Amino acid sequence: GGILGLTAAKYFRLKRKDTGSMFACGSFTNIGSIGALICYLFLGEKGFALVPIYKLFEQVIYYVIGFPIAKSFSNDTIKKENIISQLKKVFTDIFVIVALISITIGVFLNLSGIERPVFYKTINAIFIPAGTVILLVSIGLAMKFGKAKNYIKESFAVSIIKFILVPSIISTMAFFLGYGKIDEGLPLKVVIILSAMPVAFSALIPASIYDLNLDLANSCWLVTTLSLIVILPLLFYIISLI
């Protein structure tokens, strides 16, 4: 996605700061909140349980690869960090630690044969949608909606990347790896959904802290998120064919 974002930026002959934002928007995908919610709604708890596996190395890739590349498009002179210090930052990040511990505990409980309490289904039905709604509201409060009209071509390009190019590549790889033959195609369905999600909120972070084009990033986030109105019915139809 990031490479495609850079390609689009080169095609449009964008400035460095705009290019950095295009890279971030192409790279960072909303897997953990919207993607997880859609997997839960379309595929139930079994589909939702596969989300952490899909996004296991998400934080590592974002912080070790995504952020440094986005930073390179900033005009500011920033001290370079070696790979060891970058990895140290990632694996000492509280969110990464919690994610890894949660996955480890989940795998242990799954292998232990301990039955899951029945009330967990009710808890998930409340907290999974609620978490996504809270995140979207918090982003919306800080959004400058009037700026979106200035970046129509960039937002359209990112939408093509997010909803057509990346899903086509990732889903094809998953298909040939045999994901469609596992558990009635559940892993393939999860891959199709998560690979076709909009720009992540985290794409706005490098645009903000590295003085890139935040308005462009905001616009791409807004347009791709609103595009789910059209994308979700298509996704539901596609996975129903598997």
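Structure notes:
- One residue stands out in the stretch 177-224 among those that are of a type in the set (Val, Ile, Thr) and within 14 Å of Phe28 (Cα to Cα): the one that is surrounded by the fewest Cβ atoms within 10 Å (Cβ to Cβ), namely Ile205.
- Only a single item in (1) loosely packed, with under 14 Cβ neighbours inside 10 Å; (2) touching a Leu at 6+ places or on another chain (Cβ under 9 Å); (3) hydrophobic (A, V, I, L, M, F, W, C); (4) within 17 Å of Tyr40 (Cα to Cα) is not met by Ile239, and it is number (1).
- Restricted to the stretch 131-157, and to residues there that are within 18 Å of the chain's Cα centre (by Cα) and modelled with pLDDT of 70 or more, the residue that is farthest from Thr19 (Cα to Cα) is Phe156.
- Breaking point among (1) within 14 Å of Thr29 (Cβ to Cβ); (2) in a loop (DSSP other than H, G, I, E, B), for Ile242: (1)
- Failed item, numbered, when Asn110 is tested on (1) modelled with pLDDT of 70 or more; (2) under 18 Å from Ser202 (Cβ atoms); (3) part of a helix (DSSP H, G or I); (4) among the polar types (S, T, N, Q): (2)
- For the stretch 158-177, the criterion of being modelled with pLDDT under 95 and touching a Lys or Arg at 6+ places or on another chain (Cβ under 8 Å) is met by none of the residues.
- Residues of the stretch 15-39 that are over 30 Å from Val190 (Cβ atoms) and either surrounded by fewer than 19 Cβ atoms within 10 Å (Cβ to Cβ) or aromatic (Phe, Trp, Tyr) (or both): Lys15, Arg16, Lys17.
- Scope the stretch 49-65; condition closer than 11 Å to Ile31 by Cα, of a type outside the set (Lys, Arg) and in contact (Cβ under 8 Å) with a residue 60 or more places away in the chain; matching residues: Val51, Tyr54
- The residues listed here are Ile34, Ile61; of these, the one that is part of a helix (DSSP H, G or I), at pLDDT below 90 and closer than 20 Å to Thr225 by Cα is Ile34.
The values are calculated or read from the model by the stated rules, or taken from the named source; none is laboratory data. Please read all numbers here as calculations on a predicted model, not as lab measurements. FYI the Cβ positions are ideal-geometry reconstructions off the backbone, even for glycines, and counts take in every protein chain you see.
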